[in-house]
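A.B. asks: There's a structure below that I have some questions on.
The values are calculated or read from the model by the stated rules, or taken from the named source; none is laboratory data. Being a predicted model, the structure only gives us computed values, none of them experimental. As a convention, Cβ positions derive from the backbone with ideal geometry for all residues, glycine included, and neighbour counts pool all protein chains shown. Accessible surface is based on the protein model in full, side chains and every heavy atom, while ligands, DNA and RNA are left aside. Shrake-Rupley method; radii C 1.70, N 1.55, O 1.52, S 1.80 Å.
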Amino acid sequence: MQINGAHVLVTGANRGLGRQFILSLLDRGAGKVYATARRLDLIDVPGVIPLRLDITDPASVAAAAAAAPDVKIVINNAGISTGANLITGDLDTIRREMDTHFYGTLNVIRAFAPQLADGAILNVLSAISWLAFDGAGAYHAAKAAEWALTNSVRLELAGRRTLVTGLHLGAADTDMMAWYDGDKTAPEAIVAAALDGIEAHRPEVLADSWSRQVKAWLSEDPSVIYREAEAALTA
Ligand SMILES: NC(=O)c1ccc[n+]([C@@H]2O[C@H](COP(=O)([O-])OP(=O)(O)OC[C@H]3O[C@@H](n4cnc5c(N)ncnc54)[C@H](OP(=O)(O)O)[C@@H]3O)[C@@H](O)[C@H]2O)c1
């Protein structure tokens, strides 16, 4: 799978990791880069094809798929982080996390899958797909659902030779993590690992040391995982 010459669509491309995806795709010689966003006026990178797309709106997704019939790689990057917990959080906010990460990503995959034979889908997941945080209960559940979705569609699309890659990361230096004072990886490094993973045909990319650590904990009992995680985060 080569990025050079490929026609690629990125969701949530107006800022953060999505904006970095379109810059890095152009650097790697992508043939066409569809930079999608809820607001087109926020796309400020020359050389891309701006396209309006709200992944939670089925009509918007269908219109984007019709406008970009030559796409071979879809990067499902769009996401939100509301800070809602599951017990005390507002239910509509919890549903919005699920509508974005699970149903929104699924809307895009269902619309584009027919044209992705021998192509690729990259879903931007998180170490939080595997590790809950008090203060991010809804985000954790939604990212875990998106991880399960990633594994299921990989099986469902295997017959069409569509690569389905899950990208996991800890903290990246974007608006979403502006509140966080700990170590954050530069978006360039996260996106480079993701695009290298697509080119190497990998089903999973662990883009930083935190995502590798969290994955390594998964075989442990939850009592061990959460004790170790707290110790690591407060060290
Ligand atoms: N930053 C991190 O540390 C981190 C860690 C793990 C995983 N992630 C994941 O990485 C992805 C990108 O996050 P980021 O850090 O770049 O966040 P960000 O800077 O907050 O950007 C989020 C992007 O998603 C877009 N978006 C949100 N809802 C959308 C919708 N319904 N339809 C279309 N676009 C929508 C936003 O558009 P608007 O400008 O219109 O709001 C924005 O372009 C997300 O999936 C996030 O969960 C991030």
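A.B. asks: Using a simple charge model, +1 on the beta-carbon of Lys and Arg, -1 on the beta-carbon of Asp and Glu, nothing else, what dipole does the stretch 7-210 show about its Cα centre, in debye to the nearest 20?
C.D. replies: Working: 17 positive and 23 negative charges, 132 e Å.
Charge dipole of the stretch 7-210: 640 debye, to the nearest 20.
A.B. asks: Same structure again: Students sometimes get this wrong: rank T11, T234 by accessible area, probe 1.4 Å, all chains present, largest first. Walk me through the intermediate numbers first.
C.D. replies: Working: T11 5, T234 105 Å².
Putting T11, T234 in descending order of accessible area: T234, T11.
A.B. asks: While we're on this one: At 1.4 Å probe size, what's the solvent-accessible area of H7? Round to the nearest 10 Å².
C.D. replies: Around 50 Å² of this residue is reachable by solvent.
A.B. asks: List the extent of the Cα atoms of the stretch 99-181 along each of their three principal axes, largest first, rounded to whole Å.
C.D. replies: 43, 21, 18
A.B. asks: Cross-link list K32/K215; K143/K184; K32/K143: which exceed 23 angstrom alpha carbon to alpha carbon? Spell out each step's value before the answer.
C.D. replies: Working: K32/K215 34 Å; K143/K184 19 Å; K32/K143 29 Å.
Table pairs above 23 Å Cα-Cα are K32/K215; K32/K143.
A.B. asks: Given the options V45, V74, V124, which has the most mean-square fluctuation in a GNM of the chain, springs set between C-alpha atoms less than 10 angstrom apart?
C.D. replies: Of V45, V74, V124, the Gaussian network model singles out V45 as fluctuating most.
A.B. asks: Compute the Rg/Rh shape ratio of the stretch 102-235: radius of gyration over Kirkwood radius, all on alpha-carbon atoms. Display every interim value, and only then the final one.
C.D. replies: On the way: Rg = 15.5 Å, Rh = 15.8 Å.
When Rh is taken as the Kirkwood radius, the ratio is 0.98.
A.B. asks: Of A145, A59, A193, which is the most mobile in a GNM of the chain whose springs link Cα atoms less than 10 angstrom apart?
C.D. replies: Looking only at A145, A59, A193, the largest GNM fluctuation is found for A59.
A.B. asks: Can you give the accessible area of D173 in Å² (nearest 10), computed on protein heavy atoms with a 1.4 Å probe?
C.D. replies: The accessible area of D173 comes to roughly 90 Å².
A.B. asks: Here is a further query. Taking the simple approach of a point 7 Å from Cα along Cα-to-Cβ for both A232 and M177, what is their distance in nm?
C.D. replies: 1.3
A.B. asks: I've got another one for you. Working from Cα positions, state the angle (0 to 90°, nearest 10) between the long axis of helix 187-199 and the longest principal axis of the chain.
C.D. replies: For helix 187-199, the angle is close to 60 degrees.
A.B. asks: How many percent of the accessible area of the stretch 1-158 is carbon or sulfur, using a 1.4 Å probe?
C.D. replies: Values: 3660 of 6690 Å².
Of all accessible area on the stretch 1-158, carbon and sulfur atoms account for 55 percent.
A.B. asks: In square nanometres and to one decimal, what's the mean projected area of the convex hull around the Cα atoms of the stretch 1-99? Provide the component values of the computation, followed by the final result.
C.D. replies: Working: hull surface 28.0 nm².
Over all viewing directions, the stretch 1-99 projects a mean Cα-hull area of 7.0 nm².
A.B. asks: Using a Gaussian network model of the chain whose springs link C-alpha atoms within less than 10 Å, name the residue from L155, L206, L53 with the highest mean-square fluctuation.
C.D. replies: Looking only at L155, L206, L53, the biggest GNM fluctuation is shown by L155.
A.B. asks: Let me check I've understood the local charge: for H168, count other residues with C-beta under 13 angstrom from its C-beta, Lys and Arg +1, Asp and Glu -1. What total comes out?
C.D. replies: On the way: positive: K143, R202, R212, K215; negative: E146, E204, D208.
Residues close to H168 contribute a combined charge of +1.
A.B. asks: Could you work out [θ]222 nm for the chain from helices alone, using -39500 (n - 2.57) per DSSP H run of at least four and dividing by all its residues? Round to the nearest 500 deg cm²/dmol. The partial results should precede the final answer.
C.D. replies: Numbers: 8 runs with 93 residues, N = 235.
Value at 222 nm, helices only, nearest 500: -12000 deg cm²/dmol.
A.B. asks: Here's another thing I want to ask about it. Give me the mean projected area, in nm² to one decimal, of the convex hull enclosing the Cα positions of the stretch 7-210. Please list the in-between numbers first.
C.D. replies: Details: hull surface 42.7 nm².
Seen from a random direction, the Cα hull of the stretch 7-210 projects 10.7 nm² on average.
A.B. asks: Taking amide hydrogens as modeled 1.01 Å from N in the peptide plane, which residues meet the under 5 Å criterion relative to T165, leaving out close sequence neighbours?
C.D. replies: I121, L122, N123
A.B. asks: Going by alpha carbons, how many degrees (0 to 90, nearest 10) lie between the helix axis of 58-67 and the longest principal axis of the chain?
C.D. replies: 40
A.B. asks: May I ask you to list the chymotrypsin sites (Phe, Trp or Tyr not before Pro) in the stretch 162-213 that are in a DSSP loop and have at most 12 other Cβ atoms within 10 Å of their Cβ? Let's see the in-between values first.
C.D. replies: Numbers: sites: W179, Y180, W210; in loops: W179, Y180.
Hits after loop and neighbour filter: W179, Y180.
A.B. asks: Taking R0 as 30 Å, what's the FRET efficiency between A62 and H201 from their Cβ-Cβ distance, rounded to 0.05?
C.D. replies: Numbers: r = 29 Å, r/R0 = 0.97.
For A62 and H201, the calculated efficiency is 0.55.
A.B. asks: Let me ask another. Mind pulling the angle between the C-alpha long axis of helix 222-234 and the longest principal axis of the chain? Nearest 10 degrees, somewhere in 0 to 90.
C.D. replies: Approximately 80 degrees, to the nearest 10.
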